[in-house]
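Undergrad: Quick one: structure below, then a few questions.
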2 protein chains.
Amino acid sequence: MKVALVGGTGPAGIGLGARLARAGHDVFVGSRSEERAHEAVAKIVELAGGGSVNGGTNRNVVPGAEVVVLSLHAEAQPDAVRTLAGLLDGKIVVSMANPVTVADGRATFEAPPAGSLAEQAQRDAPGARVVSALHEIRVSRFAKVDRAIDSDTIVTGDDATAKEAVMALCADLGVRPVDGGPLANSRYVEAFVAVLVSINFRYKAGVSYRITGIPENR
Amino acid sequence: MKVALVGGTGPAGIGLGARLARAGHDVFVGSRSEERAHEAVAKIVELAGGGSVNGGTNRNVVPGAEVVVLSLHAEAQPDAVRTLAGLLDGKIVVSMANPVTVADGRATFEAPPAGSLAEQAQRDAPGARVVSALHEIRVSRFAKVDRAIDSDTIVTGDDATAKEAVMALCADLGVRPVDGGPLANSRYVEAFVAVLVSINFRYKAGVSYRITGIPENR
């Protein structure tokens, strides 16, 4: 698929881009700066060992994409979505950031007005087909392209076709997707990341989770 | 340990009581009705194949217990805690119910005023040492005493000694405990159960989760 990575110049974008390129997808790295987009393209091609990877401004890469991954920090995502809103009409848009803040050694879910960042994106870009995914995985994991990721990802969304497409992309990224229901459930998934962060503090680890009890032959 | 099961006459209490009795704990089944408590004792002894199991009214079994497990439905828990509040002073109190409702095929976390049922219990019984645990496991699992439970449980609480004691009890129940930080995190753990319920709908399953990435030799 043609996948645009909005704000894809950071660790999340680089790692995702490399894994997507390796899986045969056409990757388009977006940034507010065209120069930084091209730098990221070079990093992704090196990490992936090749692939179809191009870059440009966010405004330039989004129109040609089938799937738009918001590879942004939680604080930056709402403004970026509002800026791009018109361009996102009809696109499958993946929201993966977690509005979890850390202060005094405690992690807290800071609910956006819409309930979660994914729901906020849907509210701010009503024509987009927003799917929430990949909240459980530390972004640095993606850049270790040869290493398996011991995590599932819960995927939520209200557009069944969009959700299926994103679940397939997650599988290509090396993460088992689990259908977690409607987009409104993203608030629970995003909030739970605060617990994962707390466990990381306690055990000096980088934890995630796997869902148990799903029949294999579903 | 001496463990009282408040409202322990339902499936949760029977299963927990049997597993605790098998692990060598002294179990005290509490109910509003002494007669039903004694019926539950008989069921637990049969299920466990013996053990130290006694019963009485909630008011009678709580004072002698070191740990009080609230084996109640979410709707019933706040009133029960307020009724027993004085008796819970200094006790380790386990909150395991999930305020998740299901309507029109959707599961929703109904946040109590304090943010979660566990925090509500702490607010309503300020002298109790409330620990939140066992949210992830369908209560019917506990009664299958010979079957392993493929789930971790995230344990949250503000009293470190109480939390350690409950984590040890969880291990005795056959569920790996994971320290999930302060009691305030229980709202995220309880809310996440709505996602597990959604996954159950989607996959016609009874799912739970395991935390990945915790070092074995912690």
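Undergrad: Under 8 Å for C-alpha pairs, at least 6 residues apart: give me the relative contact order for the range A:115-218, rounded to a whole percent.
TA: In percent, rounded to a whole number, it is 30.
Undergrad: Here is a follow-up. Roughly how much of B:Arg141 is accessible, in Å² to the nearest 10, using a 1.4 Å probe?
TA: Accessible surface of B:Arg141 is approximately 80 Å².
Undergrad: Average projected area of the Cα convex hull of chain B, in nm²?
TA: Its Cα hull, projected and averaged over all orientations, spans 11.6 nm².
Undergrad: Can you report the principal axis dimensions of the range A:1-103 using only the alpha carbons, biggest first, rounded to whole angstrom?
TA: The Cα atoms of the range A:1-103 stretch 37, 35, 24 Å along their principal axes.
Undergrad: When the Cα centres of the range A:42-95 and the range A:181-203 are compared, how far apart do they sit, in Å?
TA: The two parts, judged by their Cα centres, are 24 Å apart.
Undergrad: Sticking with this one: Can you tell me, using C-alpha contacts under 8 Å and at least 6 residues apart, the relative contact order of the range A:38-134 as a whole percent? The partial results should precede the final answer.
TA: Values: 135 pairs, mean separation 25.5, N = 97.
This gives 26 percent for the range A:38-134.
Undergrad: Please turn the phi angles of the range B:161-172 into ³J(HN,Hα) values with the Karplus equation 6.51 cos²θ - 1.76 cosθ + 1.60 (θ = phi - 60°), one per residue in order, whole Hz, x for glycine and proline.
TA: Once rounded to whole Hz, the list reads 5, 4, 4, 4, 4, 5, 4, 5, 4, 4, 4, 5.
Undergrad: Could I ask something else about it? Karplus couplings for the range A:108-120 from phi (6.51 cos²θ - 1.76 cosθ + 1.60, θ = phi - 60°), rounded to Hz, Gly and Pro as x?
TA: For the range A:108-120, the Karplus curve yields 10, 7, 9, 5, x, x, 7, x, 7, 5, 5, 5, 4 Hz.
Undergrad: Run down the lysines and flag those whose C-alpha is under 21 Å from the C-alpha of B:Lys2, throwing out any fewer than 8 positions away in its chain.
TA: Within the straight-line cut-off, B:Lys2 pairs with B:Lys43, B:Lys91, B:Lys163.
Undergrad: Rounded if a/c is under 1.5, else prolate if a/b beats b/c, else oblate: with a ≥ b ≥ c from the C-alpha gyration tensor eigenvalues square-rooted, which is the range B:78-173?
TA: oblate
Undergrad: Give the aspartates and glutamates whose C-alpha is closer than 20 Å to that of B:Lys204, dropping any in the same chain fewer than 8 places away, or say none.
TA: Within the straight-line limit of under 20 Å, B:Lys204 reaches these aspartates and glutamates: A:Asp152, A:Asp158, A:Glu164, A:Asp179, A:Glu216, B:Asp104, B:Glu136, B:Asp150.
Undergrad: A further question on this structure: In nm, what is the difference between 0.36 nm times the number of residues separating A:Lys2 and A:Asp150 and their Cα-Cα distance?
TA: Going from the current span to full extension adds 50.7 nm.
Undergrad: Under a GNM of chain A (C-alpha, springs under 10 Å), which listed residue has the highest mean-square fluctuation: A:Val166, A:Val62, A:Val178?
TA: Judging by the Gaussian network model, the answer is A:Val178.
The values are calculated or read from the model by the stated rules, or taken from the named source; none is laboratory data. This one's a predicted model, so the numbers in the text were calculated from it and none came from an experiment. Keep in mind that these areas ignore ligands, DNA and RNA; they rest on the heavy atoms of the full protein, side chains included. Shrake-Rupley method; radii C 1.70, N 1.55, O 1.52, S 1.80 Å.
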